[in-house]
Structures are given as C-alpha cells and as structure tokens.
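The values are calculated or read from the model by the stated rules, or taken from the named source; none is laboratory data. Only a predicted model underlies this, so the values are computations on that prediction, with no experimental measurement involved. Ideal geometry is used to build each Cβ from the backbone, glycine not excepted, and the neighbour counts take in all protein chains shown.
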C-alpha cells in the first residue's frame, strides 16, 4: 500500500513536470474532455435532479412537523453545493471515466504498446497521463457547477408538489438565496477539483502497473474505481475540515 502511494505521488510529480507540454497534446485533451464532459452530462443531470428530490423528500416533512419549513431551501441548497454534488458526481466520474482510463492504459501496458512508445522516445506520462489529467480536472468541476442548480431545481419541484411539504418555488429559492452564497458554490467546486486530480492520477497509475493479460486489466479497473472512491471520501473529510477552518 505504501509503495503504491509513493508511486502515485511520484507519477503526480512527473505529470506536473510535463505540464508545459500540454499545448502539444491539446487534441488529446479535447478528445478526453469531450468524452468525460459530454458523455457524462445526461447522467449528471439525472443524478443531480434526484439527489435534490430525495433530499427534499427526506428533510421536508420533518422540518414541517417542527414548523421549520421556511429553512428548507437553504438547508437543501447548502447540502447540495457543499457536499452531495461534488462527492456523488466524483464517484460517478470515478466509475465511468476513471475505469475507462485504467482500462485503456492497462490494455496498452499488457500488449506492450507503452514499451513501444518508450522505444520511439515518447514519454508515456506526457502522451497518456497528462491529457487525461487535464481533461478530468477541467470536466468534473464544470459538471459540478452544472449539477448544483439542477439539484436545487429537483428539490424545489419536490417541495412544491409534495403535499406533506408544500413549500412553493418562491419560498424555497428565497431562503436559498439568503443562505447560499458564491463561496458555498466555490467550496464544492474546489472539492471537485481535488477529487478529479485524485481520480485521474489513481486511475492512470493503476493502468500503468497492470499485469497479467485481460484478467489483470479487469483487476486494475476494479482497483482503480474502489481506490478512487475511498480516496474521495477520505479527502472529503480533510477538505471539509480545511475549508471550515479558513472560513472562520
């Protein structure tokens, strides 16, 4: 485990060192960005819409019982933008795009295509890892910024249409505007930026160390997704502590 952590840190450092070569890999970056962003957009909308709806459905009736229905918009809005949207969308991207990165690089490793790149004096980090890292670091925060208002909309619909809650659109968004500010949204975007970097580097590293043919590729994909999700949840705790500290 410690060896893997060290290798991941070293790969991240090597990726930062080749960052000036990003312009030369712009076509690959755009291809990866389109695959991650556009390919995930519909799922992000569906997930965000129902995250907001479920959160309102769970908290709304309890708040109504206690005469606190007027705080529903702010509570749900802040929960979505600071916690649920960045974490759950990062898990979605880890499962969809992180697994694809690991499988693509892993298959190249197994079938010795990476060795062929080195033979042609092409750095695999600059050619394979860098475009994927840049793409996912740009795509995930953008998807989170798109998913947050969709989640708010889903919560507002449920709050207005559910008879046990009966909080209208105007009341919901009025409280949301009073509680949620741009800093709260940036809080979630910052988290998603860190999550994206973690997903990208873990998935690429897992692909680069793949061994053992098709079965090894399957194991690498599984490890990439599981390790990314665990890392997201651990990072979420420490990022939350850090952001709460600097907001004092």
For this session: Filter the range 74-125 down to residues that are part of a helix (DSSP H, G or I), in contact (Cβ under 8 Å) with a residue 24 or more places away in the chain and over 19 Å from the mean Cα position of the chain (by Cα), then give me how many there are.
Result: 13
Exercise. When the residues of the range 203-236 are filtered to those that are within 16 Å of residue 9 (Cβ to Cβ) and more than 17 Å from the chain's Cα centre (by Cα), which remaining residue is surrounded by the most Cβ atoms within 10 Å (Cβ to Cβ)?
Worked result: 206
For this session: Assess whether residue 141 counts as being modelled with pLDDT of 90 or more and in a helix (DSSP H, G or I).
Result: yes
For this session: Please tell me if residue 131 is touching a residue at least 24 places away in the same chain (Cβ under 8 Å) and either over 30 Å from residue 22 (Cβ atoms) or outside any loop (DSSP other than H, G, I, E, B) (or both).
Result: yes
Seminar exercise, completed: Selection over the range 216-238 where residues are at pLDDT below 90 and either within 19 Å of residue 81 (Cβ to Cβ) or in contact with a helix residue (DSSP H, G or I) (Cβ under 8 Å, 6 or more places away or on another chain) (or both) yields a count of 2
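This table checks each residue for (1) over 22 Å from residue 78 (Cα atoms); (2) not in a helix (DSSP H, G or I).
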| position | (1), (2) |
| --- | --- |
| 155 | no, no |
| 183 | no, no |
| 189 | no, no |
| 201 | yes, no |
| 207 | yes, no |
| 211 | yes, yes |
Exercise. Of these, 241, 177, which one is at pLDDT below 95, exposed (fewer than 13 other Cβ atoms within 10 Å of the Cβ), out of contact with any strand residue (DSSP E or B) (no Cβ under 9 Å at 6 or more places or on another chain) and closer than 30 Å to residue 102 by Cβ?
Worked result: 241
